[in-house]
Amino acid sequence: MSLLLPSNLQQCPSSSLSPSPPLLSPSPSTAFSVVGTRRRCLRLVTSCVSSVQISVANGSAPAPVPGAVIVEREQIRLGLPSKGRMAADAIDLLKDCQLFVKQVNPRQYVAQIPQLPNTEVWFQRPKDIVRKLLSGDLDLGIVGLDTLSEYGQENEDLIIVHEALNFGDCHLSIAIPNYGIFENINSLKELAQMPQWNEQRPLRVATGFTYLGPKFMQENGIHHVTFSTADGALEAAPAMGIADAILDLVSSGTTLKENNLKEIEGGVVLESQGVLVASRRALTERKGALNTVHEILERLEAHLKADGQFTVVANMRGNSADEVAECVLNQLSMSGLQGPTISPVYCTEEGKAFVDYYAIVICVPKKALYASVKQLRAVGGSGVLVSPVTYIFDEDTPRWGQLLRNLKL
Ligand SMILES: Nc1ncnc2c1ncn2[C@@H]1O[C@H](COP(=O)(O)OP(=O)(O)OP(=O)(O)O)[C@@H](O)[C@H]1O
Ligand SMILES: O=P(O)(O)OC[C@H]1O[C@H](OP(=O)(O)OP(=O)(O)O)[C@H](O)[C@@H]1O
Ligand SMILES: [Mg+2]
């Protein structure tokens, strides 16, 4: 495998194509760790491609020097995307967690969060957030998993503290033309087996993901392949004759469709969304960093968990709370967070209080709302009130426990 840079694609400066091993030498044993449940995507990036290395103009992310003393500073630094798709969503997410980023004007790259007085926000390009986490200039960051995987290159100093921030959803995928020799090619296997590719004439892939791309191809046993790189509008490359395939981010699929390209089975390299990432060194060595990440994590988990839920309150006629409970618990989707809350509703008649109804309170997933309302009605529920849930603070924060285990604390 080699890296090909046709003159009509943007070239990295010659100094950036280094023949020496990558600064960050990834290996399965140094894979960066994920706190949480979405491990699937990272399994795809577990081994090292030694024959291909690229560093970019303003430098690859430096590997933290083992045993180096961490530079002292008072403030914990959180990196947020300075522009692009992730920028507004990251700030909005923090706002939904009652963490208000006070940025005086959009060109000011430092900001405060009054709720976290020991923390300052630094706005940076997503790839620079990853680089600066590794160099120790940032302690925490919010970026897309694609950027983290591409620029973090599985460095063990990077810990994903929350792997599903629920914004920036997209996937990194191979796409090929839907015409010509590719018309009947619908899978990575079929693409690899095409007789056209050989050592002299390899499959040419245009991508901005020059770390993940070659690695994925190698893991999938595709050897007759070369990569070229560009900063954008990659979808034009096949029609321009520059590449046979592209490897790029896809969300709606519109750009592919408009350029007569199609995805193929087995061609997804990575599923991505926003993640909260931390520097292991910062968490273990910087005073206050662990407390800050705990607070951010608790708020994020409480908000994100609540985001998918509605609270449903309904009145049900019954002779006792037990009878109503039994009736409700027989209905599958009405179990609430820890079983339904059932309370008597007092009515008065001729000055006497009596119980005719019971109010039940349950949490239901947003997607199951209508089915739940129908079930409630079927068992005699009336006056159904539905309201959004703002936060669900569980007894403990599952990802916090995982983080502590990961840090061996
Ligand atoms: N359709 C999409 N295309 C690209 N990125 C997407 C898409 N949907 C979500 N994202 C997320 O947004 C991040 C990049 O956004 P954007 O391209 O605006 O940022 P950028 O870093 O400014 O990129 P660029 O270097 O192209 O200027 C991606 O890393 C990815 O996590
Ligand atoms: O599936 P879709 O919703 O169509 O989105 C995918 C497109 O969006 C991104 O490009 P971007 O808009 O960042 O432009 P660029 O290619 O110039 O970077 C990405 O590189 C794809 O081209
Ligand atoms: Mg872009």
**Low-density loop cleavage sites - trypsin sites (Lys or Arg not before Pro) in region 281-375, where at most 13 other Cβ are within 10 Å (DSSP)** = K287
**Prompt:** Alpha carbon centre of region 350-386 versus region 130-188: separation in Å?
**Reply:** 44 Å
**Asked** R0 = 35 Å: FRET efficiency of S252 with Q115, Cβ-based, nearest 0.05?
**Response** 0.50
**Message:** Using protein chains only and a probe of 1.4 angstrom, how many square angstrom of C347 are accessible, to the nearest 10?
**Reply:** 40 Å²
**Request:** Rounded to whole Hz and in sequence order, give me ³J(HN,Hα) for region 181-193 from the Karplus expression 6.51 cos²θ - 1.76 cosθ + 1.60, θ = phi - 60°, writing x for Gly and Pro.
**Result:** 5, 9, 3, 9, 9, 10, 9, 4, 4, 5, 5, 5, 8
**Qualifying chymotrypsin sites (Phe, Trp or Tyr not before Pro) in region 150-179, DSSP loop, other Cβ atoms within 10 Å at most 12** = Y179
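Rank-order 380-390, 85-95 by packing density, defined as the average count of other C-beta atoms within 10 Å over each peptide's residues, highest first.
Packing proxy ranking, top to bottom: 85-95, 380-390.
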**Request:** Tell me the GluC sites (Glu not before Pro) within region 102-208 that lie in a loop according to DSSP and have at most 12 other beta-carbon atoms within 10 Å.
**Result:** E183, E199
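The values are calculated or read from the model by the stated rules, or taken from the named source; none is laboratory data. Since this is a predicted model, take the numbers as computed values, not measurements. Here Cβ is always computed from backbone atoms with ideal geometry, including for glycine, and neighbour counts include all displayed protein chains. In case anyone asks, the SASA skips ligands and DNA or RNA and just uses the protein heavy atoms, side chains included. Shrake-Rupley method; radii C 1.70, N 1.55, O 1.52, S 1.80 Å.
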